[in-house]
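Taking it in order: structure first as structure tokens, then the write-up.
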Amino acid sequence: MLVLKNANVFDGINEKIVKNATVVLDGAEIKEIIPNCNKAFENEEVIDLKGKYVTPGFIDCHVHFMLDEVPDKERMLNDHSAGGVIFSNVDSYVAFRAVENAKKTLKAGFTTVVDGGGVDYVDVALKDAIKLGYVEGPDYHISGKQITAWTSHFRGLGQETYGPFGMRRMVREQLYWGVDQIKIENSAPIRSVGRSLAKSAFTLEEMSAAVDEAHSADLLVSVHARGIKPVEVAVEAGVDLICHGTGMDEKCIEMLLDKGIYVLPTLASPNPNPEPHIVAAKSTRVIELLKETGRIQWESIRNAYKAGVKMALSTDAGGVGIKHGENAKEMLRMKEIGMSNFESLKAATSEAAKAMRFDKKGVLKEGYVADLVILNDNPLENLETVCSVAGVIKGGKVVN
């Protein structure tokens with residue numbers, strides 16, 4: 001067993017810190033949490049946290065480990081020629097990037113993530129490698145390829161189809177690869193030629209067929225939706241998650257509330273105030289587009305939050321220049337739209353677990369998975385502490 005003594009515990013559901021507690025882990029499971037504990041533990045591995053704070057492992061409901069839209073130019077891998085020709089072994093480079101992104105994310109306190117779309121099924125291999133201990137990474141849930149109506153905005157990310165039969169066939173193809181959810185792109189990417197937020201990529205009939213096929217296999221359906229019509233069609237078809245939710249009106253919000261659907265707000269994708277490294281990497285035209293779309297998105301998400309729409313932390317890390325390993329910044333952005341520290345923390349723990357229907361995760365409780373984050377300060381008072389974690393435990397094992 002592993003014993004964490006002198007800990008202050010945020011359990012993920014109560015707005016109260018359990019002080020001077022001892023957390024006892026038995027393998028990959030939380031055995032007990034003992035408040036005001038002075039018990040001596042002999043013949044057990046004991047870590048004295050000296051008053052540090054413990055929370056459930058963080059959960060990011062939307063990342064892209066295979067993507068790195070704004071890479072560090074000093075560490076760019078040699079996956080294409082100086083003239084821009086992509087080499088035939090490019091996916092080998094994608095895989096190595098993904099391994100590093102997984103490690104960065106785990107060490108940032110995110111013990112569970114959902115990948116919203118990989119590249120040519122590299123995510124399938126990465127999931128297997130993490131599970132079998134070849135590489136370090138979070139508990140990794142995958143989508144395989146996004147189902148799209150047109151060429152995807154990243155190479156190898158999407159699979160095009162149309163018609164109800166085509167949607168069912170594409171869902172079944174993802175099932176073959178062992179995905180954990182189905183991801184559908186129902187609106188054009190931000191920088192697409194001829195992009196229109198007014199157009200739903202798929203009809204209600206098409207979307208309903210995909211949802212029916214996915215639900216028959218007990219898989220959640222997450223939909224990339226920017227614009228009123230894309231959201232309306234997805235919600236009416238019975239999807240489980242709306243990703244982004246840009247430009248939603250009152251009717252969209254009412255539909256979400258009526259069906260109890262979670263929104264994955266991705267407030268950095270895009271941010272009305274892009275970070276300096278994104279500004280440096282993009283043209284003025286693209287930056288202005290990101291700013292305007294971000295303004296619409298934040299207003300939409302703020303209105304949805306005020307109305308009571310359920311939300312779970314999601315970053316879209318890998319896209320739009322969002323850095324892997326900086327996922328916790330999303331909690332600070334959620335605070336900016338009006339959430340309290342407590343609500344932001346729940347969005348990254350217990351609410352994220354509910355949104356993704358993860359069993360025995362997101363809460364520090366007897367019998368739950370022993371995924372924990374150790375923080376230097378009280379996150380209910382100082383939320384910024386989540387951006388510099390003091391330690392991570394995944395499945396009962398300390399992450400080095």
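For segment 273-346, what does the alpha-carbon gyration tensor say about shape, rounded, prolate or oblate, given a ≥ b ≥ c as the root eigenvalues, a/c under 1.5 as rounded, and a/b over b/c as prolate? Intermediate results must be reported in sequence, preceding the final value.
Values: a/c = 2.67, a/b = 1.53, b/c = 1.74.
Oblate, because a/c is 1.5 or more while a/b does not exceed b/c.
Rounded to the nearest 0.05, what FRET efficiency do LYS365 and VAL46 give with R0 = 22 Å and r taken as the Cβ-Cβ distance? Could you check? Present the calculation step by step, with values, prior to reporting the outcome.
Working: r = 21 Å, r/R0 = 0.96.
About 0.55, to the nearest 0.05.
Compute the angle between helix 90-107 and the longest alpha-carbon principal axis of the chain, please, reported from 0 to 90 degrees and rounded to the nearest 10.
40 degrees
What list do you get for ASP258, ASP60 if you sort them by fewest beta carbons within 10 Å?
Working: ASP258 9, ASP60 29.
In order of increasing Cβ crowding within 10 Å: ASP258, ASP60.
Can you tell me the 0 to 90 degree angle between the C-alpha axis of helix 204-215 and the longest principal axis of the chain, rounded to 10?
30 degrees
For segment 304-400, what's the relative contact order in percent, using C-alpha pairs closer than 8 Å and at least 6 residues apart? Don't jump to the answer; show the numbers that get you there.
Numbers: 111 pairs, mean separation 20.6, N = 97.
Contact order relative to length: 21 percent.
Can you give the % of DSSP beta bridges in segment 1-149 that are antiparallel, to the nearest 5? Don't skip to the end; give the middle numbers.
Details: 11 of 24 bridges.
Among the beta bridges of segment 1-149, antiparallel pairing accounts for roughly 45 percent.
Within the chain, what percent of beta bridges assigned by DSSP are antiparallel, to the nearest 5? Intermediate values should be presented prior to the final figure.
On the way: 21 of 53 bridges.
DSSP beta bridges in the chain are roughly 40 percent antiparallel.
With a point put 7 Å past each Cα toward its Cβ, work out how far TRP177 is from ALA28 in nm, to one decimal.
The two pseudo-label positions are separated by 2.4 nm.
Which loop-located GluC sites (Glu not before Pro) does segment 11-95 contain, where loop means any DSSP state but H, G, I, E or B and the Cβ has at most 14 other Cβ atoms within 10 Å?
Values: sites: GLU15, GLU29, GLU32, GLU42, GLU44, GLU45, GLU69, GLU74; in loops: GLU15, GLU42, GLU44, GLU69.
Counting only loop positions with at most 14 other Cβ atoms within 10 Å, the GluC sites (Glu not before Pro) in segment 11-95 are GLU15, GLU42, GLU44.
Can you tell me the relative contact order of the chain? Whole percent, Cα pairs under 8 Å, sequence separation 6 or more.
Relative contact order of the chain: 20 percent.
Just from the alpha-carbon atoms, what are the Rg and Dmax of segment 293-400 in angstroms?
Cα-based Rg and Dmax for segment 293-400 come out at 14.6, 43 Å.
With the cut-off at 30 Å, report for the chain the share of all Cα pairs above it, as a whole percent.
Working: 31267 of 79800 pairs.
Across the chain, Cα pairs with separations above 30 Å total 39 percent.
Defining a contact as two alpha carbons under 8 Å apart and six or more residues distant in sequence, what relative contact order in percent does segment 1-119 show?
Result for segment 1-119 is 26 percent.
Only the coordinates and a few stated rules stand behind these numbers; no lab work does. Because the structure is a prediction, the values reported are computed rather than measured. Glycine also receives a Cβ, built like all others from the backbone with ideal geometry; neighbour counts cover every protein chain displayed.
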